[in-house]
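The structure appears right after this line, and notes come after that.
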Amino acid sequence: MLVLGIETSCDETSVAVVEKRGGTLTVIRQEIASQIELHRAFGGVVPEVATRQHLLRLDPMVRGMLPAVPLADLDGVAVTVGPGLATSLLVGASYAKSFALAAGQPWLGVNHLEGHLFSPFLSRGVAPDGAHLALIVSGGHTLLVHAPAPFDYRVLGSTLDDAAGESFDKVAKLLGLPYPGGPEVERLARQGNPAAVAFPRGMLDSGDFNFSFSGLKTSVRTHWHKERRASLPDICASFQQAVTEVLVKKTMRAARQHNVRVVTLSGGVSGNQFLCAAFAQAAERDGLTALVADPRYSTDNAAMIAAVAACRFERGERSPWDLDVNPNLRLAGGGESAPGMGNSKVLKLRSRRREALI
Ligand code: KG4
Ligand code: ZN
């Protein structure tokens, strides 16, 4: 099963070809065109700019990949249909449908969150084959998902306000650091003391599996403005420690409660080495297997989308031609409350400024 995958849900244009043989998943090729440099000047993602970039980049990227993977060898085309930015999703979905129709191949609309859920497995070259508990942490989402069996997802909890990546981005912004904030905060935190400031651990003992990070952000702001001799590295390290502690403790608690032996970590924030180390250590302490997404598959990428589709095509699934994108798409069976895209990444500019951009 050989699948062409396309991902344009936010500010990364990505194309990949993934092969599935038995339980093995192999990424034949993947390309990611990041738009971070374009959006940095605005301190977040400008939807019109993102959409235009997808329009410009997607077709050359697909054409560039085809000599290595002949059309005749492909078994299907997959694309992210949500959650994400409506206009960005539309570029990928329209392209994928047209491509599949012209090539006489089936197409499949894939849930971006299921892609993130697959990425720790894809990083090991295998398809998910048993029960696991997934922590997905990105700029738009913070989800704890129990998968008792492949393709069976129960959302145990989500964030009630900011997503984990969003809190990194917002804290970075208030500290005067550039976008995206996650890597900047992590860089400074390496020189700081994680125990320097006792920031709150939001909802750590709430008794459920939801998260809240906006109070933490407010505490950082208050501390930064009040403490004249506040150290930036100490604040970053203490903030990172607070986020990490809540994410890791709640994941391990959920694994215990649901009697799951495999815990996974994915999404853009899983690029944070401090979080990865704490996650792996806690899992080891509890006798669990921890699977963490490889950096190639932790931020938005098409390989994870193609991987989901390869498994679903194999089960005989196809999407109807009239399937539309859904910016607020949820994971099946989900009770998550967060909207499709976190609001820190996506800028709301006044219309005149927007027009000047496009
Ligand atoms: O998964 P992703 O690429 O896009 C979304 O689907 O949102 O995640 C991007 C998010 C951003 O908020 C970014 O600040 C965060 O992931 N991020 C990090 C790190 N690298 C990226 N957060 C903390 N530490 C990092 N090293
Ligand atoms: Zn994502």
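Of the candidates 133, 188, 174, the single residue that is crowded, with 19+ Cβ neighbours inside 10 Å and over 22 Å from residue 332 (Cα atoms) is 188. Considering the stretch 243-290, and only residues there that are assigned to a strand (DSSP E or B) and out of contact with any His (no Cβ under 8 Å at 6 or more places or on another chain), the residue that is nearest to residue 220 (Cα to Cα) turns out to be 265.
Among the residues making up the stretch 313-331, those that are buried (at least 17 other Cβ atoms within 10 Å of the Cβ) and under 13 Å from residue 77 (Cα atoms) are 313, 319. As a summary of the residue check, residue 79 satisfies the conditions (1) farther than 28 Å from residue 244 by Cβ; (2) away from ligand 2 (no atom under 16 Å from the Cβ); (3) touching a residue at least 40 places away in the same chain (Cβ under 8 Å); (4) not acidic (Asp, Glu) except for the one numbered (2).
How many residues, within the stretch 259-274, are within 22 Å of residue 183 (Cβ to Cβ) and surrounded by 24 or more Cβ atoms within 10 Å (Cβ to Cβ)? Total meeting the criteria: 8. If you go through the stretch 99-120, how many residues are away from ligand 2 (no atom under 16 Å from the Cβ) and assigned to a helix (DSSP H, G or I)? Qualifying residue count, the stretch 99-120: 5. Residues of the stretch 194-236 that are touching a Lys or Arg at 6+ places or on another chain (Cβ under 6 Å) and of a type in the set (Gly, Ala, Ser): none at all. Of the set (1) under 18 Å from residue 300 (Cα atoms); (2) in the same structural domain as residue 33 (by TED's automatic domain parsing), all apply to residue 98 but (1).
Every listed requirement among (1) within 22 Å of residue 203 (Cβ to Cβ); (2) in contact with a Ser or Thr (Cβ under 8 Å, 6 or more places away or on another chain); (3) within 15 Å of ligand 2 (Cβ to nearest atom); (4) not basic (Lys, Arg) is met by residue 145 save one, (2). Among the listed residues 132, 146, 116, which satisfies the condition of being under 18 Å from the mean Cα position of the chain (by Cα) and more than 24 Å from residue 21 (Cα to Cα)? Result: 146 is the single residue among 132, 146, 116 that is under 18 Å from the mean Cα position of the chain (by Cα) and more than 24 Å from residue 21 (Cα to Cα). So, residue 307, is that one more than 17 Å from residue 142 (Cβ to Cβ), in a helix (DSSP H, G or I), at pLDDT 95 or above and of a type in the set (Gly, Ala, Ser) or not? Taking the combined requirement at face value, the residue satisfies it. Taking the condition of a type in the set (Phe, Trp, Tyr), near ligand 1 (Cβ under 9 Å from one of its atoms) and not assigned by TED's automatic domain parsing to the domain that holds residue 46, does residue 213 pass? For residue 213, the condition - of a type in the set (Phe, Trp, Tyr), near ligand 1 (Cβ under 9 Å from one of its atoms) and not assigned by TED's automatic domain parsing to the domain that holds residue 46 - is not met.
The values are calculated or read from the model by the stated rules, or taken from the named source; none is laboratory data. All figures in this text were calculated on a predicted structure; none of them were measured in a lab. Neighbour counts are summed over all protein chains in view; Cβ atoms, including those assigned to glycine, are modelled from backbone coordinates with ideal geometry.
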